[in-house]
Amino acid sequence: APMRTRWVAMSNYQEMAIAKALNAGLRKSMQRDEKVLVFGEDVARLGGVFRVTEGLLDEFGDSRIFNSPIAESGIVGTAIGLAMRGYRSVAEIQFDGFVFPAFNQITTQLARLTYRSEGFQQMPVVIRIPVGGGIGAVEHHSESPEAYFAHTPGLRVVSPSNPNDAYWMIQQAIESPDPVIFLEPKRRYWQKGPVNLDTAPLPLHSARMLREGTDLTLIAHGPMVATALQAAELGAEEGTSIEVIDLRSLSPVDYPTLLASVQKTSRVVIAQEAPNNVSLGSEIAARIAEQAYYYLEAPVIRVGGFDTPYPPAKLEEEYLPDADRILEAVDRVLAY
(Lines give C-alpha, C1' and ligand atoms only; values in the text may rest on other atoms or scores of the structure.)
Protein backbone atom coordinates (compact mmCIF):
# COMPACT_ATOMS: atom_id res chain seq x y z
CA ALA A 1 0.00 0.00 0.00
CA PRO A 2 2.73 2.59 0.77
CA MET A 3 4.33 1.99 -2.62
CA ARG A 4 0.99 2.53 -4.38
CA THR A 5 0.39 5.79 -2.49
CA ARG A 6 3.82 7.10 -3.44
CA TRP A 7 3.28 6.21 -7.13
CA VAL A 8 -0.05 8.04 -7.29
CA ALA A 9 1.43 11.10 -5.61
CA MET A 10 4.28 11.26 -8.12
CA SER A 11 2.13 10.71 -11.20
CA ASN A 12 1.00 13.61 -13.38
CA TYR A 13 -2.69 13.11 -14.22
CA GLN A 14 -4.94 15.18 -16.45
CA GLU A 15 -8.61 14.71 -17.33
CA MET A 16 -9.02 14.43 -21.12
CA ALA A 17 -11.41 13.18 -23.75
CA ILE A 18 -10.09 10.46 -26.07
CA ALA A 19 -9.79 12.92 -28.98
CA LYS A 20 -7.72 15.32 -26.85
CA ALA A 21 -5.59 12.47 -25.53
CA LEU A 22 -4.80 11.40 -29.09
CA ASN A 23 -3.93 15.01 -29.92
CA ALA A 24 -1.60 15.19 -26.92
CA GLY A 25 0.02 11.87 -27.83
CA LEU A 26 0.61 12.99 -31.41
CA ARG A 27 2.11 16.26 -30.18
CA LYS A 28 4.44 14.39 -27.83
CA SER A 29 5.67 12.11 -30.62
CA MET A 30 6.20 15.05 -32.99
CA GLN A 31 8.16 16.91 -30.33
CA ARG A 32 10.29 13.86 -29.64
CA ASP A 33 11.14 13.01 -33.27
CA GLU A 34 11.28 15.52 -36.12
CA LYS A 35 10.89 12.64 -38.59
CA VAL A 36 7.24 12.14 -37.51
CA LEU A 37 4.90 13.53 -40.18
CA VAL A 38 1.10 13.75 -39.97
CA PHE A 39 -1.11 14.01 -43.04
CA GLY A 40 -4.54 13.20 -44.42
CA GLU A 41 -7.71 14.91 -45.60
CA ASP A 42 -8.34 18.22 -43.78
CA VAL A 43 -5.97 17.40 -40.90
CA ALA A 44 -3.96 20.66 -41.01
CA ARG A 45 -5.86 23.94 -40.45
CA LEU A 46 -9.22 22.25 -39.76
CA GLY A 47 -7.71 19.66 -37.42
CA GLY A 48 -9.58 16.76 -39.01
CA VAL A 49 -13.29 16.01 -38.96
CA PHE A 50 -13.08 15.08 -35.26
CA ARG A 51 -10.44 17.75 -34.44
CA VAL A 52 -7.90 15.15 -33.34
CA THR A 53 -5.05 17.06 -35.03
CA GLU A 54 -6.26 20.52 -34.02
CA GLY A 55 -3.47 22.98 -33.22
CA LEU A 56 -0.62 20.85 -34.56
CA LEU A 57 -0.18 23.02 -37.67
CA ASP A 58 0.52 26.13 -35.58
CA GLU A 59 3.17 24.30 -33.56
CA PHE A 60 4.92 22.23 -36.22
CA GLY A 61 4.22 23.98 -39.53
CA ASP A 62 3.03 22.71 -42.90
CA SER A 63 6.15 20.61 -43.55
CA ARG A 64 5.28 18.34 -40.60
CA ILE A 65 1.47 18.27 -40.86
CA PHE A 66 -0.30 18.80 -44.16
CA ASN A 67 -3.49 18.08 -46.08
CA SER A 68 -3.62 15.38 -48.72
CA PRO A 69 -5.78 15.11 -51.84
CA ILE A 70 -9.03 13.17 -51.49
CA ALA A 71 -7.37 9.92 -52.55
CA GLU A 72 -6.82 7.28 -49.87
CA SER A 73 -4.61 5.14 -52.09
CA GLY A 74 -2.40 8.18 -52.55
CA ILE A 75 -2.32 8.85 -48.82
CA VAL A 76 -1.03 5.36 -48.04
CA GLY A 77 1.28 5.34 -51.06
CA THR A 78 2.82 8.59 -49.82
CA ALA A 79 3.25 7.09 -46.34
CA ILE A 80 5.08 4.10 -47.82
CA GLY A 81 7.41 6.30 -49.84
CA LEU A 82 8.18 8.51 -46.85
CA ALA A 83 8.93 5.43 -44.71
CA MET A 84 11.44 4.33 -47.35
CA ARG A 85 13.18 7.70 -46.90
CA GLY A 86 13.43 7.36 -43.12
CA TYR A 87 10.31 9.21 -41.97
CA ARG A 88 7.63 8.00 -39.57
CA SER A 89 4.28 8.65 -41.22
CA VAL A 90 0.98 9.06 -39.38
CA ALA A 91 -1.69 8.94 -42.07
CA GLU A 92 -5.33 9.67 -41.24
CA ILE A 93 -8.17 7.98 -43.10
CA GLN A 94 -11.10 10.31 -42.52
CA PHE A 95 -13.72 7.58 -41.96
CA ASP A 96 -13.52 3.80 -41.69
CA GLY A 97 -15.47 3.15 -44.90
CA PHE A 98 -13.03 5.31 -46.86
CA VAL A 99 -10.10 2.97 -46.22
CA PHE A 100 -11.10 0.48 -48.90
CA PRO A 101 -9.71 2.47 -51.86
CA ALA A 102 -6.35 2.12 -50.06
CA PHE A 103 -6.81 -1.58 -49.31
CA ASN A 104 -4.41 -2.68 -52.04
CA GLN A 105 -1.65 -0.35 -50.83
CA ILE A 106 -2.10 -1.49 -47.23
CA THR A 107 -2.41 -5.25 -47.69
CA THR A 108 -0.17 -5.94 -50.69
CA GLN A 109 2.49 -3.25 -50.24
CA LEU A 110 2.68 -1.79 -46.74
CA ALA A 111 2.14 -5.12 -44.98
CA ARG A 112 4.67 -7.03 -47.11
CA LEU A 113 7.63 -4.77 -47.77
CA THR A 114 9.56 -5.68 -44.63
CA TYR A 115 9.07 -9.40 -45.30
CA ARG A 116 9.79 -8.96 -48.99
CA SER A 117 13.10 -7.21 -48.20
CA GLU A 118 14.07 -9.80 -45.55
CA GLY A 119 13.83 -7.13 -42.85
CA PHE A 120 15.97 -4.55 -44.62
CA GLN A 121 13.13 -2.12 -45.36
CA GLN A 122 11.18 -1.24 -42.23
CA MET A 123 7.77 0.40 -42.53
CA PRO A 124 7.19 2.69 -39.51
CA VAL A 125 3.73 3.81 -40.68
CA VAL A 126 0.62 4.39 -38.59
CA ILE A 127 -2.74 4.41 -40.35
CA ARG A 128 -5.27 6.17 -38.10
CA ILE A 129 -8.87 5.15 -38.80
CA PRO A 130 -11.97 6.29 -36.85
CA VAL A 131 -14.14 3.17 -36.64
CA GLY A 132 -17.57 2.00 -35.56
CA GLY A 133 -21.09 3.36 -35.44
CA GLY A 134 -23.27 5.24 -33.02
CA ILE A 135 -22.87 8.78 -34.41
CA GLY A 136 -25.89 8.93 -36.73
CA ALA A 137 -23.78 9.04 -39.88
CA VAL A 138 -24.59 8.11 -43.46
CA GLU A 139 -23.38 5.04 -45.37
CA HIS A 140 -19.62 4.21 -45.29
CA HIS A 141 -19.11 6.21 -42.08
CA SER A 142 -19.75 3.51 -39.45
CA GLU A 143 -17.81 0.41 -40.49
CA SER A 144 -15.87 -2.13 -38.42
CA PRO A 145 -13.07 -3.26 -40.77
CA GLU A 146 -10.71 -4.73 -38.15
CA ALA A 147 -10.93 -8.34 -39.37
CA TYR A 148 -9.58 -7.44 -42.82
CA PHE A 149 -6.41 -6.04 -41.31
CA ALA A 150 -6.00 -8.50 -38.44
CA HIS A 151 -6.16 -11.25 -41.09
CA THR A 152 -3.24 -9.70 -43.00
CA PRO A 153 0.26 -10.85 -41.97
CA GLY A 154 2.68 -7.97 -41.53
CA LEU A 155 0.22 -5.53 -39.98
CA ARG A 156 -0.17 -4.71 -36.32
CA VAL A 157 -3.72 -3.72 -35.36
CA VAL A 158 -4.61 -1.90 -32.14
CA SER A 159 -7.59 -0.03 -30.73
CA PRO A 160 -7.70 2.07 -27.53
CA SER A 161 -10.93 2.32 -25.57
CA ASN A 162 -10.11 5.08 -23.08
CA PRO A 163 -8.14 8.34 -22.95
CA ASN A 164 -5.11 6.94 -21.10
CA ASP A 165 -4.64 4.16 -23.65
CA ALA A 166 -5.25 6.60 -26.50
CA TYR A 167 -2.48 8.89 -25.26
CA TRP A 168 0.10 6.14 -24.81
CA MET A 169 -0.83 3.72 -27.59
CA ILE A 170 -0.56 6.34 -30.35
CA GLN A 171 2.97 7.09 -29.19
CA GLN A 172 3.87 3.41 -28.98
CA ALA A 173 2.40 2.82 -32.45
CA ILE A 174 4.48 5.66 -33.92
CA GLU A 175 7.62 4.20 -32.34
CA SER A 176 6.94 0.76 -33.82
CA PRO A 177 9.20 -0.24 -36.74
CA ASP A 178 6.24 -2.12 -38.25
CA PRO A 179 3.05 -0.74 -39.84
CA VAL A 180 0.24 -0.24 -37.34
CA ILE A 181 -3.46 0.05 -38.12
CA PHE A 182 -4.70 2.33 -35.34
CA LEU A 183 -8.47 2.04 -34.90
CA GLU A 184 -10.06 4.91 -32.99
CA PRO A 185 -13.57 4.42 -31.51
CA LYS A 186 -15.28 7.46 -32.98
CA ARG A 187 -18.42 7.42 -30.82
CA ARG A 188 -16.15 7.49 -27.75
CA TYR A 189 -14.00 10.44 -28.90
CA TRP A 190 -15.67 12.69 -26.29
CA GLN A 191 -15.51 10.14 -23.46
CA LYS A 192 -13.40 11.66 -20.69
CA GLY A 193 -11.05 10.01 -18.23
CA PRO A 194 -7.76 10.42 -16.38
CA VAL A 195 -4.53 10.34 -18.38
CA ASN A 196 -1.27 9.52 -16.63
CA LEU A 197 1.26 11.66 -18.48
CA ASP A 198 4.25 10.02 -16.78
CA THR A 199 3.97 6.27 -17.27
CA ALA A 200 2.69 4.02 -20.07
CA PRO A 201 0.26 1.52 -18.53
CA LEU A 202 1.17 -1.52 -20.65
CA PRO A 203 3.14 -2.57 -23.73
CA LEU A 204 1.30 -1.90 -26.99
CA HIS A 205 0.14 -5.47 -27.55
CA SER A 206 -1.09 -6.34 -24.06
CA ALA A 207 -4.72 -6.90 -23.12
CA ARG A 208 -6.00 -5.54 -19.84
CA MET A 209 -8.47 -6.78 -17.26
CA LEU A 210 -10.71 -3.80 -16.52
CA ARG A 211 -13.03 -5.48 -14.05
CA GLU A 212 -12.41 -8.62 -12.03
CA GLY A 213 -15.04 -11.34 -11.90
CA THR A 214 -15.53 -15.03 -11.23
CA ASP A 215 -18.60 -16.21 -13.17
CA LEU A 216 -17.77 -15.28 -16.76
CA THR A 217 -15.17 -13.56 -18.96
CA LEU A 218 -16.49 -10.79 -21.22
CA ILE A 219 -14.04 -9.80 -23.97
CA ALA A 220 -14.41 -6.58 -25.97
CA HIS A 221 -12.37 -3.97 -27.81
CA GLY A 222 -12.58 -0.36 -28.94
CA PRO A 223 -16.05 1.22 -28.81
CA MET A 224 -17.63 -1.92 -27.32
CA VAL A 225 -15.57 -1.81 -24.11
CA ALA A 226 -17.75 0.86 -22.48
CA THR A 227 -20.83 -1.21 -23.33
CA ALA A 228 -19.21 -4.31 -21.85
CA LEU A 229 -18.47 -2.47 -18.61
CA GLN A 230 -22.08 -1.26 -18.49
CA ALA A 231 -23.28 -4.85 -18.93
CA ALA A 232 -20.98 -5.99 -16.13
CA GLU A 233 -22.38 -3.32 -13.81
CA LEU A 234 -25.94 -4.38 -14.57
CA GLY A 235 -24.97 -8.04 -14.18
CA ALA A 236 -23.53 -7.33 -10.74
CA GLU A 237 -26.89 -5.92 -9.66
CA GLU A 238 -28.38 -9.31 -10.50
CA GLY A 239 -25.64 -11.22 -8.68
CA THR A 240 -23.47 -12.14 -11.68
CA SER A 241 -19.73 -11.53 -11.37
CA ILE A 242 -18.42 -10.65 -14.86
CA GLU A 243 -14.73 -10.21 -15.63
CA VAL A 244 -14.17 -7.65 -18.42
CA ILE A 245 -11.10 -7.85 -20.67
CA ASP A 246 -10.16 -5.02 -23.05
CA LEU A 247 -8.23 -6.56 -25.95
CA ARG A 248 -6.43 -3.30 -26.85
CA SER A 249 -4.39 -5.20 -29.45
CA LEU A 250 -6.27 -7.05 -32.19
CA SER A 251 -3.17 -8.39 -33.95
CA PRO A 252 -1.30 -9.82 -32.22
CA VAL A 253 -3.84 -10.79 -29.55
CA ASP A 254 -2.63 -11.22 -25.98
CA TYR A 255 -3.93 -14.78 -25.59
CA PRO A 256 -2.11 -15.51 -22.30
CA THR A 257 -4.19 -12.83 -20.56
CA LEU A 258 -7.41 -14.14 -22.11
CA LEU A 259 -6.65 -17.77 -21.30
CA ALA A 260 -5.74 -16.96 -17.69
CA SER A 261 -9.16 -15.34 -17.27
CA VAL A 262 -10.96 -18.22 -18.97
CA GLN A 263 -9.23 -20.75 -16.73
CA LYS A 264 -10.64 -18.85 -13.74
CA THR A 265 -14.22 -18.25 -14.96
CA SER A 266 -14.80 -21.19 -17.38
CA ARG A 267 -17.29 -19.18 -19.44
CA VAL A 268 -16.80 -16.63 -22.21
CA VAL A 269 -18.80 -14.01 -24.11
CA ILE A 270 -17.15 -11.92 -26.85
CA ALA A 271 -18.75 -8.58 -27.77
CA GLN A 272 -18.01 -6.55 -30.91
CA GLU A 273 -19.72 -4.12 -33.27
CA ALA A 274 -18.68 -6.08 -36.36
CA PRO A 275 -20.87 -8.87 -37.77
CA ASN A 276 -19.93 -12.23 -36.26
CA ASN A 277 -19.34 -14.06 -39.55
CA VAL A 278 -15.57 -14.61 -40.08
CA SER A 279 -14.79 -11.91 -37.51
CA LEU A 280 -12.10 -11.21 -34.95
CA GLY A 281 -14.48 -12.62 -32.36
CA SER A 282 -14.70 -15.83 -34.36
CA GLU A 283 -10.93 -16.28 -34.29
CA ILE A 284 -10.70 -15.58 -30.57
CA ALA A 285 -13.55 -18.01 -29.87
CA ALA A 286 -11.80 -20.71 -31.90
CA ARG A 287 -8.46 -20.13 -30.18
CA ILE A 288 -10.06 -20.28 -26.72
CA ALA A 289 -11.86 -23.49 -27.68
CA GLU A 290 -8.55 -25.00 -28.81
CA GLN A 291 -6.38 -23.91 -25.91
CA ALA A 292 -8.81 -23.84 -22.98
CA TYR A 293 -11.14 -26.68 -23.95
CA TYR A 294 -10.87 -28.53 -20.64
CA TYR A 295 -11.61 -25.38 -18.65
CA LEU A 296 -14.80 -24.42 -20.51
CA GLU A 297 -18.17 -25.19 -18.93
CA ALA A 298 -20.16 -23.79 -21.89
CA PRO A 299 -19.71 -22.82 -25.55
CA VAL A 300 -18.07 -19.49 -26.30
CA ILE A 301 -20.80 -17.06 -27.38
CA ARG A 302 -20.27 -14.07 -29.70
CA VAL A 303 -22.42 -10.94 -29.65
CA GLY A 304 -22.02 -8.70 -32.69
CA GLY A 305 -23.71 -6.62 -35.32
CA PHE A 306 -26.06 -8.41 -37.68
CA ASP A 307 -24.80 -9.94 -40.92
CA THR A 308 -26.03 -7.04 -43.04
CA PRO A 309 -24.44 -3.87 -44.36
CA TYR A 310 -24.44 -1.15 -41.71
CA PRO A 311 -27.99 0.26 -41.65
CA PRO A 312 -29.30 3.83 -41.95
CA ALA A 313 -28.80 5.96 -38.86
CA LYS A 314 -32.39 5.57 -37.62
CA LEU A 315 -31.82 1.80 -37.27
CA GLU A 316 -28.30 1.73 -35.88
CA GLU A 317 -29.36 1.44 -32.25
CA GLU A 318 -31.15 -1.78 -33.21
CA TYR A 319 -28.04 -2.98 -35.05
CA LEU A 320 -25.36 -2.22 -32.48
CA PRO A 321 -25.05 -4.60 -29.52
CA ASP A 322 -26.13 -3.00 -26.26
CA ALA A 323 -25.85 -4.10 -22.63
CA ASP A 324 -29.15 -6.02 -22.84
CA ARG A 325 -27.98 -8.12 -25.79
CA ILE A 326 -24.73 -8.87 -24.01
CA LEU A 327 -26.57 -9.90 -20.85
CA GLU A 328 -28.87 -12.15 -22.87
CA ALA A 329 -25.74 -13.96 -24.08
CA VAL A 330 -24.43 -14.07 -20.51
CA ASP A 331 -27.67 -15.73 -19.39
CA ARG A 332 -27.37 -18.31 -22.19
CA VAL A 333 -23.81 -19.18 -21.20
CA LEU A 334 -24.63 -19.40 -17.52
CA ALA A 335 -27.58 -21.69 -18.26
CA TYR A 336 -25.24 -24.56 -19.30
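Would you pull out the residues with amide H under 5 Å of M16's amide H, same chain only if 5 or more places away, H placed 1.01 Å from N?
Here the answer is G193, V195, since their amide H atoms fall under 5 Å of that of M16.
Restricting to the chain, compute how many DSSP beta bridges are antiparallel as a %, nearest 5.
25
Counting only protein heavy atoms and a 1.4 Å probe, tell me what percentage of the chain's accessible area is made up of carbon and sulfur.
Ligands and nucleic acids excluded, carbon and sulfur reach 52 percent.
With an 8 Å Cα cut-off and a minimum separation of 6 or more residues, compute the relative contact order for the range 169-275 in percent.
On the way: 150 pairs, mean separation 34.5, N = 107.
Relative contact order here is 32 percent.
Report the full-extension gain for the segment A335 to I135: residue separation times 0.36 nm, less the Cα-Cα distance, to one decimal in nm.
That works out to 68.5 nm of additional length.
Order V36, V300 by their accessible area, 1.4 angstrom probe, all chains in place, largest first.
V300, V36
Please give the FRET efficiency for R45 paired with Y13, using the beta carbon to beta carbon distance and R0 = 22 Å, rounded to the nearest 0.05.
Numbers: r = 31 Å, r/R0 = 1.41.
My answer for the efficiency is 0.10.
Give me the net charge of H141's neighbourhood, meaning all other residues with Cβ under 12 Å from the Cβ of H141; Lys, Arg count +1, Asp, Glu -1. Before the final figure, lay out the partial values.
Details: positive: K186, R187; negative: D96, E139, E143, E316.
So the environment of H141 carries a net charge of -2.
In terms of solvent-accessible area of protein heavy atoms at a 1.4 angstrom probe, what is the ranking of E41, E328, E143, E290, highest value first?
Descending order: E290, E328, E143, E41.
Whole number in Å², please: accessible area per residue of the chain, 1.4 Å probe, ligands, DNA and RNA not counted.
I get 44 Å² per residue for the chain.
Can you give me the long-range amide H partners of Q94? Hydrogens built in the peptide plane at 1.01 Å from N, cutoff under 5 Å, separation of 5 or more residues or another chain.
Residues meeting the criterion, in which the H sits 1.01 Å from N, are E41.
Starting from the Cα-Cα distance between F120 and Q31, subtract it from 0.36 nm times their residue separation and give me the gain in nm to one decimal.
This chain segment gains 29.3 nm when fully extended.
Quick one: accessible surface of H205, probe radius 1.4 Å, all protein chains present, in square angstrom to the nearest 10.
Counting only protein heavy atoms, H205 exposes about 40 Å² to solvent.
What nm value, rounded to one decimal, do you get for the distance between Y293 and E328 when each label is placed 7 Å out toward the C-beta?
In this crude label model, Y293 to E328 measures out at 3.1 nm.
For V253, tell me the accessible area in Å² from a 1.4 Å probe, rounded to the nearest 10.
The accessible area of V253 comes to roughly 30 Å².
Roughly how much of R302 is accessible, in Å² to the nearest 10, using a 1.4 Å probe?
Ignoring ligands and nucleic acids, R302 comes out at about 90 Å².
For n ≥ 4 DSSP H runs only, could you compute -39500 (n - 2.57) per run for the chain, divide by its residues and tell me the 222 nm figure to the nearest 500?
The helix contribution divided over the chain gives -10000 deg cm²/dmol.
At 0.692 mPa s and 37 °C, plugging the Kirkwood radius over alpha-carbon pairs of the range 1-154 into Stokes-Einstein gives what diffusion coefficient in µm²/s?
After rounding, the answer is 193 µm²/s.
Between S73 and M209, 0.36 nm times their residue separation minus their Cα-Cα distance comes to what?
Computed gain between S73 and M209 is 45.3 nm.
From largest accessible area down, sort T108, T53; use a 1.4 Å probe on the protein chains.
Greatest to least solvent exposure: T108, T53.
The values are calculated or read from the model by the stated rules, or taken from the named source; none is laboratory data. No experiment lies behind these values; they were computed from the predicted model shown. Because the Cβ atoms are built from the backbone with ideal geometry, glycine has one as well, and the counts that use them run over all protein chains shown. Areas reflect the complete protein model, heavy atoms only, side chains present, ligands, DNA and RNA absent. Shrake-Rupley method; radii C 1.70, N 1.55, O 1.52, S 1.80 Å.
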